[in-house]
1. Quick check on this structure: which one of ARG251, ARG194, ARG218, ARG190 is open to solvent by 30 Å² or more (accessible area, probe 1.4 Å) and within 18 Å of VAL14 (Cα to Cα)?
2. Which one of these is farther than 16 Å from TRP102 by Cβ, assigned to a helix (DSSP H, G or I) and of a type outside the set (Val, Ile, Thr): ARG179, ARG190?
3. Only one of these conditions is not met by GLN277: (1) modelled with pLDDT under 95; (2) under 18 Å from the mean Cα position of the chain (by Cα). Which number is it?
4. Which residue is most open to solvent (accessible area, probe 1.4 Å), if the candidates are limited to segment 133-174 and must be more than 20 Å from HIS18 (Cβ to Cβ) and part of a loop (DSSP other than H, G, I, E, B)?
5. Look through segment 38-79, keep the residues that are acidic (Asp, Glu) and crowded, with 23+ Cβ neighbours inside 10 Å, and return whichever of them is farthest from the chain's Cα centre (by Cα).
6. Given the options ALA122, ALA110, name the one that is open to solvent by less than 50 Å² (accessible area, probe 1.4 Å), modelled with pLDDT of 95 or more and within 19 Å of the chain's Cα centre (by Cα).
7. In segment 7-29, what residues are within 25 Å of PRO205 (Cβ to Cβ), among the small types (Gly, Ala, Ser) and open to solvent by 10 Å² or more (accessible area, probe 1.4 Å)?
8. Tell me the residue from ARG177, ARG188, ARG149 that is among the basic types (Lys, Arg), in contact with a helix residue (DSSP H, G or I) (Cβ under 8 Å, 6 or more places away or on another chain) and touching a residue at least 40 places away in the same chain (Cβ under 8 Å), please.
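The values are calculated or read from the model by the stated rules, or taken from the named source; none is laboratory data. Bear in mind the structure is a predicted one, so any value in this text is a computation, not a measurement. FYI the Cβ positions are ideal-geometry reconstructions off the backbone, even for glycines, and counts take in every protein chain you see. Note: areas computed on protein heavy atoms with side chains; ligands, DNA, RNA excluded. Shrake-Rupley method; radii C 1.70, N 1.55, O 1.52, S 1.80 Å.
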Amino acid sequence: MNSPSHASARTVPVLMYHHVSPSPGPITLSPEHFDAQMRWLAQAGYTTLDTAAFAGFLAGEPVPEKSVLLTFDDGYLDNYVYGHAALQRHGLNAVMFLVTGWMGDGPVRATQGQGALPATPAHGECEQLIASGHADDVIVRWSEIETMRAAGTFEFHSHTHTHTRWDKQCAYASEKRERLAQDIAQSRSRLQQRLGGVSDHLCWPQGYFDADYQQVAREAGFKYLYTTRDDARNVPGTDPARICRIGEKGRGADWLAQKLWLVRNPLLGGAHYWLKQHQKKKR
């Protein structure tokens, strides 16, 4: 976390990442682009918040004026191999939402700068390997999670246990709620067992949620619910059950600088999101 500025932020952009890998894909950022983004954030004086500071901000507590929250979904191995190394280089920190049913045990693998690196396949191949029972080839291990925790580059939260869209799997709402509750309970239990605790922050698989999902999450003890939507700014008083995030879509530091300048601008940022919501209503 960088040194804070004196003024408090009016909005905190939340950035959403999936892959940091040389294998190209639609939700993949190259290691070079990710490093450039992190270098720019550090040089521009941004503070990368942890979830406790972000929750405090939503409740009205001050945070440094140039604050941002970095989030990674799913727990891919490349987040450790390339993302962890870049965060360390630039003195920044991030959040990783884990699909706890995918994590396994084993020795720590190499990260960037440590010699021969493990393969980090494209997203489609990752999905195939996970579906065929080979998640360990592409997902971080608990030993690597502990390494990142000790280094202070990542903190870890729930992305459910199975990453299942129960609204697509269940014919009845009651069954959907029951299966989701079981999924979330397994995730909380695994995090408690392996990390010694579980937070009240949850990220929705594929970004989907409805009123049933939100109710089940609240009943399970989650308060801060992360979406994949980028249609509003996160400001003090924002509903914590509907945290919006900005997807980076494979672009570099110049894009990040322009995006953060826009969304943090009190007038232009507000107009930008008003227009997005207006266009969505017209569809």
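1. ARG251
2. None of the other options fit; the residue is ARG179.
3. Failed condition: (2).
4. Restricting to residues being more than 20 Å from HIS18 (Cβ to Cβ) and part of a loop (DSSP other than H, G, I, E, B), the top hit is TYR172.
5. Restricting to residues being acidic (Asp, Glu) and crowded, with 23+ Cβ neighbours inside 10 Å, the top hit is ASP78.
6. That would be ALA122, the only listed residue that is open to solvent by less than 50 Å² (accessible area, probe 1.4 Å), modelled with pLDDT of 95 or more and within 19 Å of the chain's Cα centre (by Cα).
7. Answer for segment 7-29, where residues must be within 25 Å of PRO205 (Cβ to Cβ), among the small types (Gly, Ala, Ser) and open to solvent by 10 Å² or more (accessible area, probe 1.4 Å): SER23, GLY25.
8. When all the criteria are applied, what remains is ARG149.
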